[in-house]
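Peer 1: Structure in structure tokens, see below.
The values are calculated or read from the model by the stated rules, or taken from the named source; none is laboratory data. Computed from a predicted model, the values in this text were never measured in an experiment. Neighbour counts are summed over all protein chains in view; Cβ atoms, including those assigned to glycine, are modelled from backbone coordinates with ideal geometry. Heavy atoms of the whole protein, side chains included, go into the accessibility calculation; ligands, DNA and RNA do not. Shrake-Rupley method; radii C 1.70, N 1.55, O 1.52, S 1.80 Å.
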Amino acid sequence: MSSANLVDINNLQLKLYIGGKFVEAPLRLPVVDPATEEVIAHAPAASESHINQAVEAARAVFPYWSTLDGASRAKHLDAIAEAVKRLKPQLAELESRDSGKPLAEAMWDMDDVSGTFTYYAGLARELDGKQYEAVTDLPPGGDFTASLRYEAVGVVAAIVPWNYPLLMATWKLAPALAAGCSIVLKPSEVTPLTALQFALIVEEVGLPAGVINILTGGPETGAILSNHQDVDKITFTGSVPTGVKIMTAAAKGIKNVTLELGGKSPAIVFDTCDLARTVEWVMFGCFWTNGQICSATSRLLVQETIYDKFVAKLVEETNKIQVGNPLAEGVKMGPIVNKVQFDKVMGFLERARVEGINFAAGGDRPTDCPRGYYVRPTVLTGMQPTAEVWSTEIFGPVLSVMAFSTEDEAIRMANDTEYGLAGAVFSGVEAQLKRVTEQLRCGCVWRNCSQPCFSQLPWGGWKRSGIGRDLGREGFKAYLETKQIVTHVTENALGWYNVAKL
Ligand code: NAD
């Protein structure tokens, strides 16, 4: 069945994908277009039996898939990349309607999806020459030689969130496939549509049955999957509270685990920066993806010498951001993903008002968007570091701003958080960029920019922002186990029990 051209909003694939088959399940998960508040589809809810079947299918194909040479696996990854390229407009439109992100951003996401599959196809090929690694630093003159061999971890459960639905799935699928793992993917119940359509691509490229299984369902589906005794690794992207549950499940089964969690990342602006460019990056760093980015630089620290001028320009430009239907031309901010998240964001803003925090921009629904979960891009000033909006991840288009005087103070304030995903620093002084970079306690530092993300670079957080890395070579190794191999190479007997010669 060459059905991937069926990626069509009016003709959606709404079945689970288990062991290479499309499987019907009760369509219990309403999918709401956040721009209109209308239900546009119902996604299937996987039962425990579906989860068991998916894990079994992944287990059954694992010996074949994991021992196939990397070049053969790479062909499948390349074919997926090509199919995503071909279907980019349809997939992007679907992603945009499902998640509310502006269409142009969803198009970027699809480029990233295909680029990530292509990148890991390269690493799968490279593995063929590097699966064995000689160990050359054993003590010299000994009786043994040693080498290392890298092998696929096993059956992977991948559980992903709603802010980059297909891209977050790809960050798990591509390296896991390249390494030789088989996978059960559980997309977010909030945005299940592109993952379901992705099953058509998996089928079109002829991936062996069971290598990728796709199950939609809510938290309970994720919980059953992560507690499944035949899953070897859980790779999760989502909130800290769910991360705690995933890690608990992993601990019970002593499973390999990667956690990509939340953040409250700082952007530090020094008075030597290029003002206009910095305003642009600061806005992008917090308002991109409708402000729903784990790495959003949503705590802005501005040097007091330029504070008034910088904030005035920031507010002026923020007020110009076109908010509206994500499919409309020129729109740079769509709605919040759903009512639950909209109410959460509005709750933060209401409490900030009660606390007496100043709303320099936004803070409410745009008057010309009576329907849909829209929030105007918001800039908050006049707060203490103890304010909820300064310390807690909001996951909406809300930028909190404070002033600082010295570099030391800025670094202290930037690091004063339980999170450690990312940070941005803006300065015209190279030595200052270097000093601040070295002192920020987080997994990713952007210098004179915010949010650029490359498949080639390891992505992940320190502190409560997570454990392990997605992307890059580290994100590949996360799906490989290391086997040490030791060979006795001399005639010398061990001589411990003095076993007589036969
Ligand atoms: P979430 O934790 O509510 O849900 C994420 C996924 O986990 C969903 O698929 C959900 O169904 C599943 N889930 C929920 N409860 C579960 C349980 N008990 N066991 C197993 N699975 C369960 O997160 P969300 O609201 O979808 O996403 C927003 C969060 O994701 C934010 O905190 C954001 O910072 C984080 N995030 C992090 C990164 C990163 O790379 N660090 C990227 C994107 C999003």
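Peer 1: Specify whether the C-alpha gyration tensor of region 5-106 places it in the rounded, prolate or oblate class, a ≥ b ≥ c being the square roots of the eigenvalues: rounded for a/c under 1.5, otherwise prolate if a/b is larger than b/c and oblate if not.
Peer 2: Oblate, because a/c is 1.5 or more while a/b does not exceed b/c.
Peer 1: Another question, then. Suppose every Lys and Arg Cβ carries +1 and every Asp and Glu Cβ carries -1, with no other charges. What dipole size does the chain come out with about its Cα centre, to the nearest 20 debye?
Peer 2: 520
Peer 1: Another question about this same structure. Taking only Cα atoms, what is the 0 to 90° angle, nearest 10, from helix 430-439's long axis to the longest principal axis of the chain?
Peer 2: 60
Peer 1: Next question, about the same structure. Once you mark the chymotrypsin sites (Phe, Trp or Tyr not before Pro) that are in a DSSP loop and have at most 15 other Cβ atoms within 10 Å, what is the longest gap between them in the chain?
Peer 2: With chymotrypsin sites (Phe, Trp or Tyr not before Pro) excluded where exposed in loops, the chain gives 1-453 as its longest stretch.
Peer 1: Also: Ignoring ligands, DNA and RNA, what accessible area per residue does region 97-208 give at 1.4 Å, in Å²?
Peer 2: I get 29 Å² per residue for region 97-208.
Peer 1: What stretch of the chain, leaving out the sites themselves, is the longest with no GluC sites (Glu not before Pro) in a DSSP loop having at most 14 other Cβ atoms within 10 Å?
Peer 2: Longest run free of exposed loop sites: 38-303.
Peer 1: With the cut-off at 20 Å, tell me which of the pairs Lys75/Lys130; Lys186/Lys463; Lys88/Lys477; Lys255/Lys477; Lys264/Lys313; Lys233/Lys483 have Cα atoms farther apart than that.
Peer 2: Where the Cα-Cα span goes over 20 Å, the pairs concerned are Lys186/Lys463; Lys88/Lys477; Lys264/Lys313.
Peer 1: Ignoring ligands, DNA and RNA, please state the percent of accessible area on the chain from carbon and sulfur, probe 1.4 Å.
Peer 2: Using a 1.4 Å probe with all protein chains present, the chain comes out at 54 percent carbon and sulfur.
Peer 1: When all protein chains stay in place, what accessible area (Å², nearest 10, 1.4 Å probe) is found for His488?
Peer 2: For His488, the solvent-accessible surface is approximately 90 Å².
Peer 1: Sort Lys463, Lys233 by accessible area with a 1.4 Å probe, largest first.
Peer 2: Largest accessible area first, the list is Lys463, Lys233.
Peer 1: What's the local net charge at Val375, with K and R +1, D and E -1, over the other residues with C-beta under 15 Å away?
Peer 2: It works out to a net charge of +4.
Peer 1: Still on this structure: Could you tell me the center-to-center distance, by alpha carbons, between region 235-270 and region 322-360 in angstrom?
Peer 2: Between the Cα centre of region 235-270 and that of region 322-360, the gap is 25 Å.
Peer 1: Give the relative contact order (percent, whole number) for the chain; include only Cα pairs under 8 Å separated by 6+ residues.
Peer 2: Relative contact order, the chain: 18 percent.
Peer 1: Shifting gears a bit: Explain nothing, just the number: dipole magnitude of region 266-447 about its Cα centre with +1 on each Lys and Arg Cβ and -1 on each Asp and Glu Cβ, in debye rounded to the nearest 20.
Peer 2: Value, rounded to 20: 460 debye.
Peer 1: On to the next question. Send over a whole-number figure in Å² for the accessible area per residue of region 266-447, probe 1.4 Å.
Peer 2: Using a 1.4 Å probe on heavy atoms only, each residue of region 266-447 averages 41 Å².
Peer 1: Residue by residue, what Karplus-based ³J(HN,Hα) values in Hz, rounded to whole numbers, does region 22-37 have, using 6.51, -1.76 and 1.60 with θ = phi - 60° and x for Gly and Pro?
Peer 2: For region 22-37, the Karplus-derived couplings read 7, 10, 6, 8, x, 7, 9, 9, x, 10, 9, 6, x, 7, 10, 6 Hz, x marking Gly and Pro.
Peer 1: How large is ³J(HN,Hα), in whole Hz, for each residue of region 195-208 in order, when computed from phi with the Karplus curve 6.51 cos²θ - 1.76 cosθ + 1.60 and θ = phi - 60°, using x for Gly and Pro?
Peer 2: 5, 5, 5, 4, 4, 5, 5, 4, 5, 4, 7, x, 4, x
Peer 1: Still on this model: Using only alpha carbon pairs under 8 Å that are at least six residues apart, calculate the relative contact order of region 266-447 and give it in whole percent.
Peer 2: 28
Peer 1: Expressed as cubic angstrom per residue, what is the convex hull volume of the alpha carbon set of region 266-447?
Peer 2: Spread over its residues, the Cα hull of region 266-447 gives 111 Å³ apiece.
Peer 1: For region 236-331, what class follows from the C-alpha gyration tensor (a ≥ b ≥ c being the square roots of its eigenvalues): rounded when a/c is under 1.5, otherwise prolate if a/b is larger than b/c, else oblate?
Peer 2: oblate
Peer 1: Is the C-alpha gyration tensor of the chain telling us rounded, prolate or oblate? Criteria: a/c under 1.5 is rounded; beyond that, a/b larger than b/c is prolate, otherwise oblate.
Peer 2: Cα axes put the chain in the oblate bin.
Peer 1: Can you give me the solvent accessible area of Thr487 with a 1.4 Å probe, rounded to the nearest 10 Å²?
Peer 2: About 70 Å², ignoring ligands and nucleic acids.
Peer 1: Given the options Gly262, Ser405, Val375, identify the residue whose Cα lies farthest towards the positive end of the charge dipole of the chain (+1 on Cβ of Lys, Arg; -1 on Cβ of Asp, Glu).
Peer 2: Value: Gly262.
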